[in-house]
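The values are calculated or read from the model by the stated rules, or taken from the named source; none is laboratory data. Being a predicted model, the structure only gives us computed values, none of them experimental. Because the Cβ atoms are built from the backbone with ideal geometry, glycine has one as well, and the counts that use them run over all protein chains shown.
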Amino acid sequence: MRAARAPESRPFLRLSMRGYFLIFALGGLLPALLFAALILWWSAETQREITNRQLLSAARSLMQAVDLEMKAAISALETLRHVRALQVGDIEGFMEASRAIHRDHPHWNGIVLTDATGQQLMNLAAQPGQPLPNIAHYEVIKGALSGKASVSELMRGRVLNVHLVGIDVPVYVDGAIKYALGLSIPASHFQALLSQHPIPEGWIMGLVDHKGIIVARSLDPAAGIGTPTASMWQEAAASEGVLSGSGRLQFPVVGAYARSELSGWKAIVSVPKEIFDSIGTGALRALAAGGIVLVVINLILVVAAARRVVRPIERLAAHANDYVAGAPIAQEKSPLVEADVLAASLSEAGKRQREVERALGQSQKMEAVGQFAGGVAHDFNNLLTAMQGNLTFISRHTASEGQKYVGRLEQAIERASSLVHRLLIYSRSRPLHAETFDAGARIEAMRPLILTALRADIELLIETEKRPLFIHADPTQFEMAVLNLVVNSRDAMPKGGTIKIECRASHDEVTIIVRDSGVGMTNEVRARAFEPFYTTKPIGQGTGLGLTTVYGLAKQAGGRVDIASESGRGTEVQMRLPMVAQIASEEVYAITEPAHIAVRGRILLVEDDALVLGASKEMLESEGYTVDAVQRADEAVELIAREQFDLLITDIVLPGGLSGIDLAERMHTDHPSLRILLISGYSPDALKERGLTMRFDLLPKPYTAAEFVAQVRKMLLQSASLAAE
């Protein structure tokens, strides 16, 4: 009897190899097209979101420029209101002082003095003998007479009959508000200010006052200035935002606005919704058309090309694995040209990736070293402050034969302070006394100093452009950087040679080049040249901070340093710094402190470092001040709530949840008359980078007892002068 055979299993679908390949090809192509469409849609939405951010950024930028213009005008008026002629009622004399201010600001229509009834007493825009009318913007006059600076809406001036904006501040005479002092800025000035903010084609930019009247506009300004803006902008109550709706010309727009806290004005930047919605749709239509074409071509070619495509794809997969593993990619010819091109691209990409990874690693290393240097220097500052304070007291109580040892200690602290200073420059945490100067002229003036640092067997060449090349940096640190580069070049030429210094302009940069004919650098030395304390010199012959100082100066000034060198072929260092326009020096009016006036007061000192706290407290008490000292901000808050103080001195970095900045801001709000002094090893720029505001006096660490006491005395004296007024 025969055994029963198992039934044969039949596949659900029997197709030829080409059929299966066709299904696989379509199954891969169609999802790919769908995924590409999804990516394009997401990209379009992302681009629209980017456009929203660009609109808001443009509105903020314009509003900041307008606020800056108004603040400059208010500042000028607040300076002018203290002219003595006005305080004694000499209007003619005050008019002469006003004309001097007006000559420096020709875009103002005029300066106006108004009494409490709105009657103009002086108007520089009026012709001699012309009757002066009542002010046209009495609402803003009332604001000034109530004791605050005020900005008017857009209006027409009664003297010049043009669109303008009035800005007024109160004038105090004998402690009471007697006048309103103002000026007017024509709308054409704001139109010119708007034109300095370029926007993409098709966008619309405008400026409206707090009553919704258009002050300036990029689209047809002649027809728009002085008319109400669209209701969607008038009804916007937040400080800024992005809206969509009908614009003033009754077509849909998408736009952003930013409102000024000073004036209530709004800067508006919008784009027609048709343009906004078109972002990315063209790519989607192109994808649809291309997808159809690809499907048709795929149906025609897939069967014939299947076998010739599979093998190159497999090779490409192997190449991709080599790329991920970092191994070299073998270059083999295949039947598919594109596969060869892609393999070559993968090989090149692998090389570039390894180069980028090396560069990134070096950058991260430099950043980490900089942060470490800044942290060490900041802590060292506290120690130096305590040492300097205690050394002051030692010197006062040490016999004359011991003063030489005290002097040696002072010299050691000065050297340590210099080291900290250079470390903080490297980490961009130390304040530099920056000013604008001609780099070429400065280098030429350094020639005698540089020559003293060179040996007789070294020739010095200096080439600078004839025109001034202005940069904004610390001149002392600039000279130190140039001298460090020269000294490095000198040490690299033990048998003599030539050092050439060039100073020239390249686009918007000033490039200082120091080139030598010395022994050059190896790749390893060049890669580590800017690291603090790295040096190739023997022990005792170099600190390794020379190029660190150069690097720190360049970073502080917004520039960079490049080194080109080969072993045995010399070195070229290029320090590239931003070129700036020459700035006229500002007069500084110093407060002369009468030496015979005794200043006393009660001081609250907040410092978490016990050494610094003790030294600082003794410094102040030795001068006769009453000092309360705590180590935490919350303790200071409780103490100020119970006691009366004349001055709060606080370190910025404090333990707990409340920093020195937080404490200062809170006390400034709760106790406006309390003077506040911040102490920190960080510079104002470094504090701003960390998101901290700087509205208070700042004393950097380390400081001497004399500097500390002088700053405290100055602030208490100023406080006493203000109280007397």
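Before moving on, here are some points about what is shown:
- The stretch 684-725: number of residues that are assigned to a loop (DSSP other than H, G, I, E, B), among the polar types (S, T, N, Q) and either at pLDDT 60 or above or not assigned by TED's automatic domain parsing to the domain that holds GLN644 (or both): 1
- Test: residue in the stretch 162-184 that is out of contact with any strand residue (DSSP E or B) (no Cβ under 6 Å at 6 or more places or on another chain), under 23 Å from ILE268 (Cα atoms) and part of a loop (DSSP other than H, G, I, E, B): no
- Scope the stretch 155-205; condition closer than 16 Å to ASP220 by Cα and polar (S, T, N, Q); matching residues: SER188, GLN191, SER195
- Some residue of the stretch 464-471 being in contact (Cβ under 8 Å) with a residue 24 or more places away in the chain, under 20 Å from TYR551 (Cα atoms) and in the same structural domain as GLN556 (by TED's automatic domain parsing): yes
- For the stretch 405-444, the set of residues classified as of a type outside the set (D, E, K, R), modelled with pLDDT of 90 or more and in a helix (DSSP H, G or I) consists of ALA439, GLY440, ALA441, ILE443, listed by residue number.
- Single condition ALA73 does not satisfy, out of (1) surrounded by 20 or more Cβ atoms within 10 Å (Cβ to Cβ); (2) among the small types (Gly, Ala, Ser); (3) more than 24 Å from PHE190 (Cβ to Cβ): (3)
- Candidates in the stretch 664-680 are the residues that are touching a Leu at 6+ places or on another chain (Cβ under 7 Å) and not in a strand (DSSP E or B); of these, the one that is surrounded by the fewest Cβ atoms within 10 Å (Cβ to Cβ) is LEU674.
- Test for VAL612: is it among the aliphatic types (A, V, I, L, M), modelled with pLDDT of 70 or more, surrounded by 13 or more Cβ atoms within 10 Å (Cβ to Cβ) and in a strand (DSSP E or B): no
- Considering the stretch 460-473, the residues that are farther than 20 Å from PRO448 by Cβ and more than 25 Å from the chain's Cα centre (by Cα) include one that is surrounded by the fewest Cβ atoms within 10 Å (Cβ to Cβ), namely LYS466.
- Taking the stretch 484-522 as the range and being surrounded by fewer than 18 Cβ atoms within 10 Å (Cβ to Cβ), under 18 Å from VAL550 (Cα atoms) and modelled with pLDDT under 90 as the test, the residues that pass are VAL487, ASP491.
- When the stretch 86-133 is filtered for residues that are small (Gly, Ala, Ser) and in a loop (DSSP other than H, G, I, E, B), the ones remaining, listed by number, are GLY89, ALA116, GLY118, ALA125, ALA126, GLY129.
- The set of residues from the stretch 114-135 being out of contact with any helix residue (DSSP H, G or I) (no Cβ under 7 Å at 6 or more places or on another chain) and either crowded, with 19+ Cβ neighbours inside 10 Å or touching a residue at least 40 places away in the same chain (Cβ under 8 Å) (or both) comprises ASP115, GLN120, ASN123, ALA125.
- The stretch 136-152 - residue that is out of contact with any helix residue (DSSP H, G or I) (no Cβ under 8 Å at 6 or more places or on another chain), of a type outside the set (Gly, Ala, Ser) and at pLDDT 80 or above and, of those, surrounded by the fewest Cβ atoms within 10 Å (Cβ to Cβ): LYS148
- Under the condition of being outside any loop (DSSP other than H, G, I, E, B), in contact (Cβ under 8 Å) with a residue 40 or more places away in the chain and surrounded by 19 or more Cβ atoms within 10 Å (Cβ to Cβ), the residues counted in the stretch 222-277 number 14.
- Every listed requirement among (1) surrounded by 13 or more Cβ atoms within 10 Å (Cβ to Cβ); (2) part of a helix (DSSP H, G or I); (3) under 32 Å from the mean Cα position of the chain (by Cα) is met by THR476 save one, (1).
- The set of residues in the stretch 167-202 that are touching a Gly at 6+ places or on another chain (Cβ under 9 Å) and surrounded by 17 or more Cβ atoms within 10 Å (Cβ to Cβ) comprises ILE167, ASP168, VAL169, PRO170, ALA180, GLY182, LEU183, SER184, ILE185, PRO186, ALA187, LEU194.
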